[in-house]
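The structure's right below; bear with me while I get my questions together.
All of the numbers you see were taken from the coordinates with simple rules; none came from a lab. The shown structure was predicted, so the numbers you read here are calculated from the model rather than taken from an experiment. Positions of Cβ are generated from backbone atoms using ideal geometry, with glycine treated the same way; all protein chains shown enter the neighbour counts.
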Amino acid sequence: MARAGGEADKFGNSYEGAWTIYQMLLVLAGRARAITVEDVGELGEGAEFTLTSLRHGDEAHQVKRKQGTANGWTPHRLYDEGVLQAARKHVEQGRQFHFVSMIPAPKVDDLADYARRSASVEAFLADWLKAEDLKTEFTYLSGDVYGSDQVTWQTLRGIWTHCQDEDGLRRMIDALAELLLVGAPAKPAALSLGDLAIQNLGVRLTAAAIVERLAEYELSQARLAGNPAVVQSVDAVLSSWKTSVERDLLKPAIVRAESGQLSATLRSDESPVTMVVGAAGAGKSAVLWQSVQELEAESWPILAFRLDRLESLTSTAEIGENLGLGASPVTSLAAVAEGDPCLLVIDQLDAVSFASGRIPSGFHTVTDLIQEAAAFPQMRLLLACRAFDVDNDYRIRQLDADNMVRRLEVHPLTHDQVNAAVDAMGLPAAQLTMQQRSLLTSPMNLVLLSTIADQPDALAFESANGLLAGYWDRKRRDCANHRPQSPPRYEAVIGTLANAMSKRQQLTARISVLDADNLAADAEVLASEHVLVQDGRRYAFFHESFFDYAFPLCQTRVRHEVDVNI
């Protein structure tokens with residue numbers, strides 16, 4: 001059995017080697033026709049490999065991790081390293097030239113982009129070369145490097161620059177290797193591709209040629225794409241998320257304008273990641289749900305889950321295992337989508353917030369998912385987070401400010417929407433005070449009001465806690481009526497679960513914590529009345545706001561009982 005080691009390990013663990021392996025995986029995925037590592041003759045001059053793309057023919061790729069402590073490549077530095085000279089040779093032979101580094105080459109990138117947008121060198125000079133710093137750099141290129149405006153313009157049109165951080169590159173490799181290869185975990189499987197490249201220098205490797213050689217490494221091509229079992233598991237996770245959201249939706253539903261905006265954003269190519277931000281209880285999940293319904297109708301493969309319902313977030317593979325997928329959520333969704341547009345929804349991002357989350361260490365796993373998803377250009381990511389956590393966790397704030405992330409605000413309901421919803425409950429909206437109407441601009445508060453709408457004092461609330469108190473009492477009575485011969489121990493179930501959640505800093509608790517006081521059967525009654533939500537072998541409250549209300553209330557009642565007994 002051949003395994004990567006020695007020279008292959010060095011190659012695979014280098015930045016240049018990682019980029020080569022990534023492109024080999026793209027060939028294996030059918031997103032490029034072939035790759036030749038260390039091509040022979042002039043094809044290999046100034047290039048790590050030649051890639052035959054699907055649309056543009058041959059591409060020469062030159063890779064340089066970075067240069068010393070510099071934070072960017074200038075035209076002078078690129079000339080000193082021989083990059084610009086290599087670019088001219090390849091472009092003149094009709095090939096694209098791709099320069100890849102961990103640090104950007106902003107001036108060359110801008111000049112190349114503008115050159116491709118212009119119909120002629122005259123148009124380029126007259127209409128596109130307006131910034132003084134770019135004029136200076138073009139003058140240098142056309143004088144000292146290429147000798148004429150025409151040659152410089154033609155060469156720039158064939159140059160593409162890629163700024164790719166190393167960690168993100170390796171995450172993309174892991175995601176593709178998990179999707180495409182079986183026989184070893186993703187990382188060693190990818191290193192084996194590095195050895196395969198070294199053993200076949202100068203050989204044109206198509207997907208078929210790579211597959212033919214995989215057996216030497218006890219690897220084979222995976223059959224995840226379109227696999228019915230994977231499709232079924234992705235559908236099951238989506239169905240579970242939709243059910244969890246639907247339980248809290250107001251009926252009839254309030255159509256949110258933000259959902260249409262969100263769907264349009266996801267269909268566009270403007271940004272691969274969208275963050276939906278709003279106040280607690282503002283209806284972020286409902287906006288996500290409405291957008292998901294719309295894209296589902298257009299046959300988008302979709303995978304959605306809540307971070308606050310997961311016990312641990314140490315790796316993307318662990319998330320997949322906890323969801324019953326068997327692989328990272330990104331890999332699983334990519335297998336179902338098979339290159340078509342698809343959507344990964346990560347709900348309740350605030351669960352990993354330093355400011356208020358229960359598992360802040362899990363934030364890095366979320367960024368791993370984002371990096372993995374970059375390997376699939378048609379995949380869109382949708383994150384939902386409370387505004388409080390965006391403002392108070394610097395990591396989430398930095399993510400929100402990233403150029404590749406688009407932000408969509410979820411606003412409070414309008415007073416007209418509130419009035420229509422209250423009237424639909426059979427309550428006189430005209431009797432609402434301004435304070436009450438303001439509270440009800442939060443959809444969650446409207447849901448609480450709908451629970452007690454048939455009570456004579458339904459409009460007696462003065463605060464959100466007043467609505468929660470009314471909900472608490474109503475559900476306690478409903479649970480008692482559900483099993484009148486033996487009323488469930490309502491406070492005991494809630495207190496036990498709330499204490500377990502608080503101790504473990506999570507928003508779910510194992511059903512087994514109820515065993516000590518034989519509360520399992522009582523908890524089933526609370527679940528049937530939607531106070532609790534069962535997710536596998538764990539319970540959660542129907543909404544985080546209920547935990548925030550119930551936990552201190554249960555603690556107070558326990559202290560009161562102790563004081564009375566003393």
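Within the chain, count lysine pairs with alpha carbon atoms under 28 angstrom apart where the residues are 8 or more positions apart or belong to different chains.
Taking the chain as the scope, the lysine pair count is 24.
Excluding S118 itself, what net charge comes from residues whose Cβ is under 13 Å from its Cβ, given Lys and Arg +1 and Asp and Glu -1?
Details: positive: R116, R117, K130, R157; negative: D110, D113, E122, D127, D149.
Counting the neighbours of S118, the net charge comes to -1.
Is the range 228-409 rounded, prolate or oblate when judged by the Cα gyration tensor, a ≥ b ≥ c being the square roots of its eigenvalues, rounded requiring a/c under 1.5 and prolate requiring a/b larger than b/c?
On the way: a/c = 1.26, a/b = 1.06, b/c = 1.18.
Judged from the Cα gyration tensor, the range 228-409 comes out rounded (a/c under 1.5).
Also, quick follow-up: With +1 on each Lys and Arg Cβ and -1 on each Asp and Glu Cβ, and nothing else charged, work out how big the dipole of the chain is about its Cα centre, in Debye to the nearest 20. Numbers along the way, then the final one.
Details: 53 positive and 75 negative charges, 142 e Å.
My answer is approximately 680 debye.
Label-point separation (nm) for T367 and K135, each offset 7 Å from Cα along Cα-to-Cβ?
For T367 paired with K135, the spin-label model returns 4.1 nm.
Compare the Cα positions of L382, L449, S463 along the charge dipole of the range 373-493 (+1 at Cβ of Lys, Arg; -1 at Cβ of Asp, Glu; about the Cα centre) and return the one farthest towards the positive end.
Going by the Cα projections, it comes out as L382.
Could you calculate the FRET efficiency of N465 with E218 from 1/(1 + (r/R0)^6), where r is the beta carbon distance between them and R0 is 56 Å, rounded to 0.05?
Numbers: r = 62 Å, r/R0 = 1.10.
Computed FRET efficiency for N465 and E218 comes out at 0.35.
Classify the range 131-243: rounded, prolate or oblate, from the alpha-carbon gyration tensor (a ≥ b ≥ c, eigenvalue square roots; a/c under 1.5 rounded; otherwise prolate if a/b is larger than b/c)? Don't jump to the answer; show the numbers that get you there.
Details: a/c = 3.42, a/b = 1.78, b/c = 1.92.
Oblate is the answer for the range 131-243, as a/c is 1.5 or above yet b/c matches or exceeds a/b.
Please report the relative contact order for the chain, taking Cα pairs under 8 Å with a sequence separation of at least 6, and give it as a percent rounded to a whole number. Intermediate results must be reported in sequence, preceding the final value.
Working: 896 pairs, mean separation 66.5, N = 566.
Relative CO of the chain lands at 12 percent.
Further, regarding this structure: Express in whole angstrom the spacing between the alpha-carbon centres of the range 47-70 and the range 152-174.
Taking the Cα centre of each part, the range 47-70 and the range 152-174 sit 7 Å apart.
Quote to one decimal, in nm, the extra length available between T414 and T69 on full extension: 0.36 nm per residue of separation minus the C-alpha distance between them.
Values: separation 345, 0.36 × 345 = 124.20 nm, distance 5.29 nm.
Value of the extension gain: 118.9 nm.
Across the range 378-384, in residue order, what do the Karplus-derived ³J(HN,Hα) couplings come to in whole Hz, using 6.51 cos²θ - 1.76 cosθ + 1.60 with θ = phi - 60° and x for Gly and Pro?
8, 8, 10, 10, 10, 10, 10
Now, a different point. Summing +1 for each Lys or Arg and -1 for each Asp or Glu, what net charge is found among the other residues whose Cβ lies under 13 Å from the Cβ of E311?
Numbers: positive: R306, R309, R358, R504, R510, R537, R538; negative: D308, E318, E321, D535.
Its environment carries a net charge of +3.
Which entry in (1) 24.6; (2) 25.3; (3) 27.0 is this structure's computed Kirkwood radius over Cα pairs in Å?
Label of the calculated value: (3).
Please name which of T161, G324, W300 has its Cα lying farthest along the dipole of the chain towards the positive end, using unit charges on Cβ (Lys, Arg +1; Asp, Glu -1) and the Cα centre as origin.
G324
Each residue of the range 482-496 in order: what ³J(HN,Hα) in whole Hz does its phi give by Karplus 6.51 cos²θ - 1.76 cosθ + 1.60, θ = phi - 60°, with x for Gly and Pro?
Ordered by residue, 3J(HN,Hα) equals 5, 9, x, 5, 8, x, x, 7, 4, 5, 5, 5, 5, x, 5 Hz.
Now for a separate question. With unit charges on the beta carbons (Lys and Arg positive, Asp and Glu negative) and the dipole taken about the Cα centre of the range 25-162, which residue among W73, F99, G30 sits farthest to the positive side?
Projecting each Cα onto the dipole axis, the largest value belongs to G30.
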